[in-house]
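What follows is one structure encoded as C-alpha cells, with my remarks underneath.
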Amino acid sequence: MARNTQVAADHNAPPVTRVLAEYVAKHPSRGWSDTVDHEAHRTFLNWFGCAVGAARHEAVEAALAAVQVLQPAPQATVLGRSEKVDIASAALLNGISSHTFDFDDTHLKTIIHPAGPVASALLALAELNGSSGRSLLDALVLGIDVACRLGNTVYPEHYDRGWHITGTTGMLGAAAGCARLLGLDADRTAMALGIAASQPIGLREQFGTMTKPFHPGGAARAGLMAALMAQRGFTASPKAIEAPRGWAQVVSTKCDWNEVTDELGERFEISFNSYKPFACGIVIHPSIDACVQLRGRGIAPEQVERIELKVHSLVLELTGKKEPADGLQGKFSVYHGCAAGLLFGRAAEEEFADAIVTRPDVVALRRKVVATVDDRIDEASADVTAVLVDGRREHVFVEHAIGSLQRPMSDDDLARKFHGLADPVIGAQRSSTLLAGCRALAEAGDLHALTALARP
C-alpha cells in the first residue's frame, strides 16, 4: 500500500551537484592566493602529524587487524606503521588514526574536521598513482571546500539532529578531491558526488568511543571508492545532493543553497581552518585555556575549593561527562579538561591517557568543577572562577581560546605539536625531515619519499 506522506521539500533548489562538479573539475591549479596555499600546507602538516601520532593506538590496531582479514594488496602506507594495505583500507585507517586523538583541524563555522576524510583519501590515491604534491594540494583545497560549503548549507540543524558532520560531509569532500586527483571531467565528478551522497557516515551517539574516529576514516574510504567507481562509469542521480529526497534535504531541515554558490572559487573554506593545541573536543578549549591561565597565576590544585565554570549549553551537551572512565571519554569531559589545564598546564594527548583520566588526584580535582549553563556566553568562550580555600576568588574570561582564528597557532606552534606527536613513533630525526617535506609539499614530484619517512 502506498503511503500518503507530506514532505516539506524544496523542489526548486539550484543544481548544486552540477555546480560543484564543474567547479572541482575546472578550477585552475593553484587558483587562489598565497595565504590559502599556505593554509593548505598547514592543514596537511597538522593532519599528517595527528595520523602518525596515533598509529599505535588500540583503535588503529583493531581496525588494521580487521582489514588484514581481507588480505589487502600492499598499495599504500598506513602512516606511522610498517604495514601497507590497499588504498581504500589506507584511507580508512589513516582517517581513523588522524582523528583518534581528537587533535586534528577544525573548521570552526561547522565543527567539521575536514582533513581527516579528505587528506586520508587523497594521500592513499596519490601514493598509488604517483601524483605530485601540487596535484594533491589542489585536490585538498577543493575537496575541503566542497565538504565545508555543504556543511555550511545544513549546519547547525543537521548537527543538532545527531549527525556527526565530519563524516556526513567528509565523504562528499573526499569524493570531490579524489575526482580532481583522478582528472575526472565534470560529468564523472557529478557521478562521484552522487555516489558519495548515499553514504553519510556518523552519529553523535558514538562520541567517546572508537567509532567516532571511524567516521572520518569511513568517509575517506567511501569518497575514494565513489570517485573510482565514477571513473569507471558507475552512475548516480545528477541531483543527488539537492533533490527533495537527496542528501541535503534528507539530513537537514535547513538547506541554505547560497552557502554553496556564494563566492565559489573566490572564498576558500580552508582559510577558516584552525588547529588544536589541546587534544579534545573544540568546545572544551576555552575552559582549558582559562585553567592554564589560572595555573600561570600560581594557583595550585590544593588551594582550590571549587572551580565555577559558566559555558554555553552546547559545551555540556557535547562534553558533559562528569566521570569519564577512560581517555576517549575524557576527551568529552569539560570537567577533566579543566583539571588537566590546572594540574598540568596543558592538555595534550598524554593528559588524556587512561592512567591520567583515572588518577586519584585528577579525579578529585575535576570533582571540584561546578559547571552551569549561561547561553549569554558564546560557545567559543568560557567564564571560569577559582574559589580558593582561603576565600579568594580568581576570575578568567576567555573570549577566544588559543588555536582559534582570533588567536591562531603559529607555524612554530604547529611544528612543536608535530614533533610531540611524531617523535615517539618515528624518531626526532625522521620527524624533522618529514616536517620539512610536508612544508614543501607543493614541490614534491610524487609522495613516495614522504610516505616512506612516515614508516618507522
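The values are calculated or read from the model by the stated rules, or taken from the named source; none is laboratory data. All of these numbers come straight from a predicted model, not from anything done at the bench. So basically every Cβ, Gly included, is an ideal-geometry build from the backbone, and we count neighbours across all protein chains shown.
Points to keep in mind about this one:
- Flag for Ala73 being at pLDDT 95 or above and either closer than 30 Å to Leu318 by Cβ or not in a helix (DSSP H, G or I) (or both): yes
- Looking only at region 257-266, residues that are out of contact with any helix residue (DSSP H, G or I) (no Cβ under 8 Å at 6 or more places or on another chain) and outside any helix (DSSP H, G or I) come to 3 in all.
- Residues of region 165-221 that are over 13 Å from the mean Cα position of the chain (by Cα) and of a type in the set (D, E, K, R): Arg180, Asp185, Asp187, Arg188, Arg204, Glu205, Arg221.
- Glu61 meets each of the listed conditions (1) surrounded by fewer than 19 Cβ atoms within 10 Å (Cβ to Cβ); (2) part of a loop (DSSP other than H, G, I, E, B); (3) not aliphatic (A, V, I, L, M) apart from (2).
- Residue, nearest to Val24 (Cα to Cα), within region 159-189, restricted to residues that are crowded, with 24+ Cβ neighbours inside 10 Å, out of contact with any Leu (no Cβ under 7 Å at 6 or more places or on another chain) and not polar (S, T, N, Q): Ala179
Each row is one residue, and each column tells you yes or no for (1) over 8 Å from the mean Cα position of the chain (by Cα); (2) farther than 20 Å from Gly281 by Cβ.
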| site | (1), (2) |
| --- | --- |
| Thr100 | yes, no |
| Asp104 | no, no |
| Thr110 | yes, no |
| His113 | no, no |
| Val118 | yes, yes |
| Leu125 | yes, yes |
| Leu128 | yes, yes |
| Gly133 | yes, yes |
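- Residue selected from region 358-369 under the condition more than 29 Å from the chain's Cα centre (by Cα) and farther than 16 Å from Gln329 by Cα, by the criterion surrounded by the most Cβ atoms within 10 Å (Cβ to Cβ): Leu365
- If you check Cys148, Cys178 for being touching a residue at least 40 places away in the same chain (Cβ under 8 Å), farther than 30 Å from Asp326 by Cα and in contact with a strand residue (DSSP E or B) (Cβ under 7 Å, 6 or more places away or on another chain), only one passes: Cys148.
- Answer residue from region 384-394, given it is surrounded by fewer than 20 Cβ atoms within 10 Å (Cβ to Cβ) and in contact (Cβ under 8 Å) with a residue 12 or more places away in the chain and is farthest from Asp289 (Cα to Cα) among those: Asp390
- Exactly one residue out of Val24, Val52 is touching a Lys or Arg at 6+ places or on another chain (Cβ under 8 Å) and buried (at least 24 other Cβ atoms within 10 Å of the Cβ): that is Val24.
- Tabulated pairs, region 303-318, first outside the structural domain of Gly391 (by TED's automatic domain parsing) and part of a strand (DSSP E or B), second of a type in the set (A, V, I, L, M, F, W, C) and at pLDDT below 95, C-beta under 7 angstrom, 6+ apart or interchain: none
- Taken over region 231-250, the criterion of being touching an Asp or Glu at 6+ places or on another chain (Cβ under 9 Å) and buried (at least 19 other Cβ atoms within 10 Å of the Cβ) is satisfied by Glu242, Ala248, Gln249.
- Scanning region 398-414 for residues that are touching a residue at least 12 places away in the same chain (Cβ under 8 Å) and either more than 12 Å from Leu294 (Cβ to Cβ) or surrounded by fewer than 13 Cβ atoms within 10 Å (Cβ to Cβ) (or both) returns Glu399, His400, Ala401, Ile402, Gly403, Ser404, Leu405, Pro408, Met409, Asp411, Asp413, Leu414.
- Thr35, sole failed condition from (1) among the β-branched types (Val, Ile, Thr); (2) buried (at least 17 other Cβ atoms within 10 Å of the Cβ); (3) in contact with a Ser or Thr (Cβ under 8 Å, 6 or more places away or on another chain): (2)
- Close pairs from region 342-361: first farther than 13 Å from Cys280 by Cβ, partner part of a loop (DSSP other than H, G, I, E, B), Cβ under 6 Å, at least 6 apart: Asp354/Asp326
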